[in-house]
Amino acid sequence: MLAQIWFPKGNLPRPSTYLKLGVMAAIVAALSACGGGGGNTSSNAASGRVVLLNPLNGNAQVSLTGLGYSTPTTGTTETTSSGGITYQTGENITLFLGNNAPVTIPAKTSISQADIAAGLCAGSADPTGCQYNTKKNLESFFLTLDSDHNSGNGIQLLPVADTLSLAFTVSTDQFQDSLAQQLSSSGISVQQAFKPSLGINTEAGQSEQSTISPPVPYADIFRVARPFHEYSCKDATYDENGWPDALPASCTGKNPAVIRTFLLDSAIKGAVPDGKYIVLYEGNGVLEYSGYIKRIISHTQGRDEVEVELPAKLDSVATNNRIGLKVVSGTVKNIRIVMPGGICEGTPSVRVDDANGCPSGTYRSFADTFAANRNAIVFNPAYLNFLKDFRVVRMMNLMGSSPSYLTCAKPNPANPTNPNDFEKDADGKIVIDQTCLVQDLLWEQRSEMDDAVWGTSGNSFRMERYARGAPIEVQVELANQLNAHPWFNIPHNATEYYNRQFASYVASHLKPGLKAHIEYSNETWNGIFWAYHYMLKKGEELGNPTDAWRGANYYAKQASKVFQWWEDEFGGTQRLVRLLGTYQNDSNRTDRMLAYSDVKQYVDAVATGGYFYACWDRALAACQDTSKVPKPLVEATSVNDIFTAIDNPNDPFGMSGVNSQFQKQAAVASKYGKALLAYEGGQHLTLGTIAAERRQNMIDLMHAANRDPRMGDRYQQLLNSWKAAGGQTFTLFSVPHTFSQYGSFGIKESLLQARSSAPKYDGAMKFQETQGKCWWSGC
């Protein structure tokens, strides 16, 4: 038997202290008493090493120096500069990992993180899952606490390693959160056990639908409030930045007869921190609060302290599921609603409560920062913490650059103030304003830092939503703080001046070493977007107005012009990745666009989709053979049916189908010497035409499939197929947000959802962890 001396958690002495306390004498005596101390002869002496199989360098062995250990015969000491240990053959070795109960495992000539994980997971109900998480947590622990943060020359543990109380067997996100919080006062940033190879798509700061809750990007949560005009008296007027003037007398008796706004629609606990928020504003007005703001703690003119508490689940009364803000009297502007706490300089992805959580002099209070400057760019730390695990961030939805085809639909003359009611012709078709369809987007129309809010909802006309997301300053700062490459989607009708101003700002402000990924518009082959109809109309200028390829030809040619404008402003292409967007199931389109005119001369890479799903019904010819497609999705009655359809090798849209699409797109890209990237991808389970009585059941099935562990396996399969085809950055769709009747596209359902309950995210992270780093040259 092996006797051990245990210390209460939080009170373990450092290894050197064990010697002073004579602990080893007690251990040896205990072992001798139970027959464990025999065989202590030089013939049984052995030596070995504790190593890290470095996940950042192909699992090459590097030494672990300064790790406390003990054996019955050597006493308590630390591993040497080469990771060396000494022991007697047949002995166990006890390792001291932070301020935790030691772990005891068999001593041998080479001990790695896998051996330590096996010891920590002994007795686990899920040894495979436990050992995977624990191994990754150990890697993060050792990489983070390496004294020179250069794992290539070995790991020399910092003294602070001995003070940390950590659960190594929990999921990696839980472990890293705990590690980050404990290290915040030391100024040490947590290191991942991989270098990111994937990209991620953003979402708008506020959803068009009040039932969908996107992640909150900013520490000033008022930036995602609805514009005042959406919910206020229609007679109210506003200044150039969207702040309301005083409520006019003409509003008396009208519905609504107030000036108000809402934010955090349908958000639940964890979307933002609960606690005391500071509300700052200018003007002589008075604000009234409702919903998630439970009470006013204190009030002085221009400053309220309020208590925010989000619910664990949504209320049956929809209007309770948000923060309400009403101007009771007078006027207010420059409102800020500021999260509690702040950050430490250098670690913006970790929120701390106060200065005690930071090294001396590095605390940056959110409230103080926004009191001094409303336009300070400070992100929600939880938002940054999620995004830090991706090498490319696609800004499309955050910048609002892919508008609906209904943007130029004429309002219904009988109901002109309703942004979702349209004029129809004699055949019942929506009437499109042809002048609007081909209008230019001017630089002066962009969103700006002084705007009251960044973005709008479905209660605004679509033209008001277009390109009114986060300002360019915010997008670039987001990339800089993440040290991630930004992917910008240039609006389809942006003028040359717009492009050059945008490019000039990025060239001047983007951190050196980061590359601007430039894609002209988004999915210009897709009829649900304004850009598709714009391309067709503008394509008529190239020749035959009925040419089926006129839209693709115009897109390719105009993309090449956009790329040349950006090249001019950047002074070359070294810091650019110029992306030609295409449809994943049409490699012929890709070929034709690259071959058109001189387009290929200005393109670096093809950007294709990477979605998998299955035949919805029998409408398409490829879905009509019942021997090949026994049951389309519309007939599914279980989650098993959905996965059977996805996995059907004969389904043109399933896992095998998307792999074939990757191969075809890769062949075209290779033909022209271009890289292949994915602009979006993942599952695409959405509703088609279905009987009303089955609609909700099918929505529930699709949500359940997205929560099923098998979906994580399919994401790994998808990404491995992509890699095998020769693809480079795969940009997943999209950041965490709630599932809805429109789809389940969030890779998690909220920023703080545990990885263990988010299979799509878990699958993507396991893929990155397995790769260790990018697999292509030039990354």
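Residue 741 meets the conditions (1) surrounded by fewer than 18 Cβ atoms within 10 Å (Cβ to Cβ); (2) under 26 Å from residue 674 (Cα atoms) in every case but one. The failed one is (2). With respect to residue 284, determine if the residue is open to solvent by 30 Å² or more (accessible area, probe 1.4 Å) and either touching a residue at least 40 places away in the same chain (Cβ under 8 Å) or part of a strand (DSSP E or B) (or both). It is true that residue 284 is open to solvent by 30 Å² or more (accessible area, probe 1.4 Å) and either touching a residue at least 40 places away in the same chain (Cβ under 8 Å) or part of a strand (DSSP E or B) (or both). Quick one: would you say residue 746 is in a loop (DSSP other than H, G, I, E, B), open to solvent by 10 Å² or more (accessible area, probe 1.4 Å) and not β-branched (Val, Ile, Thr)? Answer is no for this residue. Picking from residues in segment 115-148 that are among the acidic types (Asp, Glu) and part of a helix (DSSP H, G or I), the one that is farthest from residue 168 (Cα to Cα) is 115. Residue count for segment 142-184 satisfying the condition of being β-branched (Val, Ile, Thr) and more than 20 Å from residue 350 (Cα to Cα): 2. For segment 244-265, a residue qualifies if it is buried (at least 20 other Cβ atoms within 10 Å of the Cβ) and either polar (S, T, N, Q) or closer than 27 Å to residue 473 by Cβ (or both), and the qualifying residues are 244, 261, 262, 263, 264, 265. Taken over segment 409-444, the criterion of being of a type in the set (Ser, Thr, Tyr) and in contact (Cβ under 8 Å) with a residue 60 or more places away in the chain is satisfied by 417 alone. Scanning segment 445-471 for residues that are open to solvent by 30 Å² or more (accessible area, probe 1.4 Å) and in contact with a Leu (Cβ under 7 Å, 6 or more places away or on another chain) returns a single hit, 462.
Restricted to segment 354-392, and to residues there that are open to solvent by 60 Å² or more (accessible area, probe 1.4 Å) and assigned to a loop (DSSP other than H, G, I, E, B), the residue that is nearest to residue 289 (Cα to Cα) is 373.
Restricting to segment 100-114, what's the tally of residues that are under 29 Å from residue 182 (Cβ atoms) and either assigned to a helix (DSSP H, G or I) or open to solvent by 20 Å² or more (accessible area, probe 1.4 Å) (or both)? Residues meeting the conditions: 4. Looking at the structure I just gave you, is residue 269 in a loop (DSSP other than H, G, I, E, B), over 29 Å from residue 343 (Cα atoms) and out of contact with any helix residue (DSSP H, G or I) (no Cβ under 8 Å at 6 or more places or on another chain)? So residue 269 fails the test. In segment 73-84, the qualifying residues are those that are at pLDDT 95 or above and open to solvent by less than 50 Å² (accessible area, probe 1.4 Å), and the one that is farthest from residue 48 (Cα to Cα) is 79. For residue 514, the conditions (1) in a loop (DSSP other than H, G, I, E, B); (2) on the phi < 0 side of the Ramachandran plot; (3) over 28 Å from the mean Cα position of the chain (by Cα) are fulfilled apart from (3). The set of residues in segment 672-703 that are out of contact with any Phe, Trp or Tyr (no Cβ under 9 Å at 6 or more places or on another chain), open to solvent by 50 Å² or more (accessible area, probe 1.4 Å) and not acidic (Asp, Glu) comprises 673, 692, 694, 695, 696, 697.
Look at (1) touching a Phe, Trp or Tyr at 6+ places or on another chain (Cβ under 7 Å); (2) open to solvent by 10 Å² or more (accessible area, probe 1.4 Å); (3) more than 27 Å from residue 381 (Cα to Cα); (4) part of a loop (DSSP other than H, G, I, E, B) and you find that residue 775 fails only one, number (1). For segment 408-417, the condition of being modelled with pLDDT of 95 or more, more than 25 Å from residue 275 (Cβ to Cβ) and buried (at least 18 other Cβ atoms within 10 Å of the Cβ) holds for at least one residue. Taken together, the residues in segment 543-570 that are over 15 Å from residue 592 (Cα atoms) and either open to solvent by 10 Å² or more (accessible area, probe 1.4 Å) or not aromatic (Phe, Trp, Tyr) (or both) amount to 12. What do you reckon, is residue 463 aliphatic (A, V, I, L, M) and within 21 Å of residue 534 (Cα to Cα)? Yes, satisfied. Determine if segment 207-229 includes at least one residue that is at pLDDT 95 or above, closer than 30 Å to residue 779 by Cβ and touching a Leu at 6+ places or on another chain (Cβ under 7 Å). Yes: segment 207-229 contains one or more residues that are at pLDDT 95 or above, closer than 30 Å to residue 779 by Cβ and touching a Leu at 6+ places or on another chain (Cβ under 7 Å). Consider segment 48-72 and keep the residues that are small (Gly, Ala, Ser) and under 17 Å from residue 139 (Cα atoms). The one that is modelled with the lowest pLDDT is 58. Looking across segment 312-331, the residues that are of a type in the set (A, V, I, L, M, F, W, C) and crowded, with 22+ Cβ neighbours inside 10 Å come down to 323, 325, 327. Residues that are hydroxyl-bearing (Ser, Thr, Tyr), closer than 30 Å to residue 670 by Cβ and touching a residue at least 60 places away in the same chain (Cβ under 8 Å) were ranked within segment 606-660; the one that is least open to solvent (accessible area, probe 1.4 Å) is 608. Could you grab me the full set of residues in segment 704-735 that are open to solvent by 10 Å² or more (accessible area, probe 1.4 Å), among the hydrophobic types (A, V, I, L, M, F, W, C) and part of a helix (DSSP H, G or I)? Within segment 704-735, 704, 724, 725 qualify. Only one of the listed residues (379, 386) is closer than 20 Å to residue 281 by Cα and not β-branched (Val, Ile, Thr). That residue is 379. Annotation note: of 336, 351, the sole residue that is under 29 Å from the mean Cα position of the chain (by Cα), within 30 Å of residue 186 (Cα to Cα), of a type in the set (Lys, Arg) and part of a strand (DSSP E or B) is 351. Being farther than 27 Å from residue 192 by Cα, in a strand (DSSP E or B), open to solvent by less than 50 Å² (accessible area, probe 1.4 Å) and touching a residue at least 24 places away in the same chain (Cβ under 8 Å) holds for only one residue in 69, 87, and it is 87. Scanning segment 661-671 for residues that are under 17 Å from residue 593 (Cβ atoms) and crowded, with 16+ Cβ neighbours inside 10 Å turns up 661, 664, 665, 666, 668, 669. Kindly check whether there is at least one residue in segment 752-764 that is out of contact with any helix residue (DSSP H, G or I) (no Cβ under 7 Å at 6 or more places or on another chain) and assigned to a loop (DSSP other than H, G, I, E, B). Checking segment 752-764: at least one residue is out of contact with any helix residue (DSSP H, G or I) (no Cβ under 7 Å at 6 or more places or on another chain) and assigned to a loop (DSSP other than H, G, I, E, B).
The values are calculated or read from the model by the stated rules, or taken from the named source; none is laboratory data. Computed from a predicted structure; not experimentally measured. Cβ coordinates were reconstructed from backbone atoms using ideal geometry, including for glycine residues, and neighbour counts include every protein chain displayed. We work out accessible area using only protein heavy atoms, side chains counted, and drop any ligands, DNA or RNA first. Shrake-Rupley method; radii C 1.70, N 1.55, O 1.52, S 1.80 Å.
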